[in-house]
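The values are calculated or read from the model by the stated rules, or taken from the named source; none is laboratory data. Just so you know, these numbers come straight off a predicted model, no measurement behind them. Cβ placement follows ideal geometry from the backbone for every residue including glycine, while neighbour counts extend to all protein chains displayed. Remember, those area values only see protein heavy atoms, side chains included, never the ligands or the DNA or RNA. Shrake-Rupley method; radii C 1.70, N 1.55, O 1.52, S 1.80 Å.
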Amino acid sequence: MAVLTERPAAAARRRGRGTRTLVNRFLGYAVLVFFALFFLYPFVIQLGNSLKTQEGAAANPLSPIPDPLTFAGFERIFAGTNFPLWLGNSLLVTVLVTLGRVFFDSLAGYALARLRFRGRAGLFAAVIAVMAVPGVVLLIPKFLVLNQLGIYNSYAGLIVPLIADAAGVFIMKQFFESIPASVEEAARIDGASAFRTFWSVVLPMARPALITLTILSFQGSWNEFPHSLVSVQDPHLFTLPRGLADLVSGSLGKGTQYPLKLGAALLATIPVAVLFMIFQRYFVRGANEGADKG
């Protein structure tokens with residue numbers, strides 16, 4: 001009788017645990033959905049206002065529903081501003097900076113991880129120190145250096161100072177150190193140089209780190225505003241962040257002009273969003289592999 005009494009009790013406890021698990025899971029998903037909607041709402045407002053008339057956006061800017069719906073704001077972006085020029089400049093600068101960072105950061109990271117030379121520890125400490133320095137502190141020295149080198153107000157001034165960064169070097173160094181040195185021994189026995197070993201053996205194994213660095217570099221250079229503020233003054237060299245700042249400052253006249261400004265900002269966010277959506281799984285996989293290896 002005792003056994004028969006315990007079995008229904010155990011079944012009841014299992015049902016109770018199953019119910020609590022289901023309720024906890026439901027509450028967890030509900031919280032996630034709430035915060036997802038909370039963070040997405042500003043983008044919905046941005047899209048809604050970019051499709052309104054100027055009067056409708058000024059009268060009710062927090063409503064996500066355009067009434068009436070119009071694409072006049074987007075038409076004015078391409079016809080009445082230098083948005084296509086800013087877009088082209090941003091694409092040029094971002095692509096070159098991203099390629100440069102992936103190449104030079106991986107080279108520097110491999111040298112710090114594998115090569116043994118005097119001052120290696122001090123050099124890596126300097127890289128860490130650079131990461132700790134706020135970027136705004138370097139704006140005036142950066143302007144003075146660009147002016148002395150004669151590349152102020154040029155594409156070179158936009159690209160060269162950003163072509164390598166300390167964070168990328170740190171990421172690549174940490175990943176290369178997680179790769180066993182034994183995988184390079186066969187290449188060295190065959191007489192491969194350090195660069196050939198890096199390029200043909202080690203770099204293909206660093207694909208997750210390279211994708212992570214590519215995403216971070218593209219996003220950082222695409223959204224870079226302070227550097228463009230001190231490196232160029234010619235409106236024909238403005239990138240998207242600099243051009244959008246010019247729009248927000250009221251360069252096109254009076255009025256709020258919410259459809260124009262928010263529509264331009266929306267178009268500027270699309271490339272980074274698309275890139276992240278395409279490579280999101282590789283980005284997450286690279287982060288997880290780095291955590292497992294660390």
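At-a-glance table
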| read-out | value |
| --- | --- |
| Span-rule helices in the chain, defined as complete DSSP H runs reaching 18 Å or more along the axis (Cα) with Kyte mean at least 0.5 | 2-50, 83-114, 120-132, 207-222, 258-293 |
| Ranked order, 184, 224 - accessible area, probe 1.4 Å, largest first | 224, 184 |
| Protein accessible area in the chain, 1.4 Å probe - carbon and sulfur % | 69 |
| Distant alpha-carbon pairs in the stretch 23-81 (separation over 17 angstrom), percent | 52 |
| In Å, descending, principal axis extents of the Cα set of the chain | 92, 70, 32 |
| Summed side-chain charge close to residue 239 - residues other than residue 239 whose Cβ falls under 15 Å, Lys, Arg +1, Asp, Glu -1 | -2 |
| Calculated FRET value between residue 245 and residue 137, using beta carbons and R₀ = 22 Å, to 0.05 | 0.60 |
| Highest-fluctuation residue, 199, 86, 222 considered, GNM on the chain with Cα pairs under 10 Å | 199 |
| Cα shape, the stretch 127-243, gyration tensor, a/c 1.5 rule | prolate |
| Karplus-derived HN-Hα couplings along the stretch 178-185 (A = 6.51, B = -1.76, C = 1.60, θ = phi - 60°), whole Hz, x at Gly and Pro | 7, 8, x, 5, 5, 5, 8, 5 |
| Heavy-atom SASA rank of 90, 193, 249 (probe 1.4 Å, accessible area, largest first) | 249, 193, 90 |
| Proximal lysine pairs, the chain, alpha carbons under 28 Å, eight or more residues apart or interchain | 4 |
| Which of 89, 36, 256, positive extreme of dipole for the chain (C-beta unit charges) | 36 |
